[in-house]
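To keep things clear, I will list the structure first and then write my remarks on it.
FYI, it's all coordinate maths here, none of it is from the lab. Bear in mind that the values here come from a model prediction, so they are computed numbers and not experimental data. For neighbour counting, all protein chains shown are included, and Cβ atoms are generated from backbone atoms with ideal geometry for every residue, glycine included.
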Ligand SMILES: [Zn+2]
């Protein structure tokens with residue numbers, strides 16, 4: 001396997017720490033740095049995947065619409081999906097979410113789109 005060489009500047013303080021740590025572990029500074037970098041990349045990709053999964057689940061939860069109820073508006077509002085104005089007296093769909101008491105206002109067009117995607 002061909003190896004790449006990475007040059008980087010570090011402070012005297014960091015160099016001293018690395019040097020002491022390398023002596024303690026009986027490895028070269030280069031080996032120590034390589035191990036630290038590899039461990040750190042492994043760890044950050046694991047953390048990244050965990051966070052990613054959490055975020056996906058959260059989004060999925062928030063996206064899960066349990067059902068709709070059509071109501072007649074008593075005041076002007078906007079569709080929570082497309083931002084279109086919907087005026088008093090016309091009907092809009094209230095979306096009930098599966099895991100939240102929050103309700104979204106959804107215009108007919110967006111409701112159709114949501115239904116097509118689900
Ligand atoms: Zn809409």
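Data overview
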item	result
Residue 44-residue 94 pseudo-label distance in nm [points 7 Å out on the Cα-to-Cβ vector]	4.7 nm
Alpha carbon convex hull of the chain, volume per residue in cubic angstrom	231 Å³
Between helix 29-63 and the chain: long-axis angle, C-alpha atoms, 0 to 90°, nearest 10	10 degrees
Folded to 0 to 90 degrees: helix 12-25 orientation relative to the chain principal axis, Cα	70 degrees
Taking 42, 12 and counting other C-beta atoms within 10 Å, the order from fewest to most	12, 42
Ellipsoid equivalent to the range 65-117 - semi-axes via the Cα gyration tensor, in Å	18, 13, 9
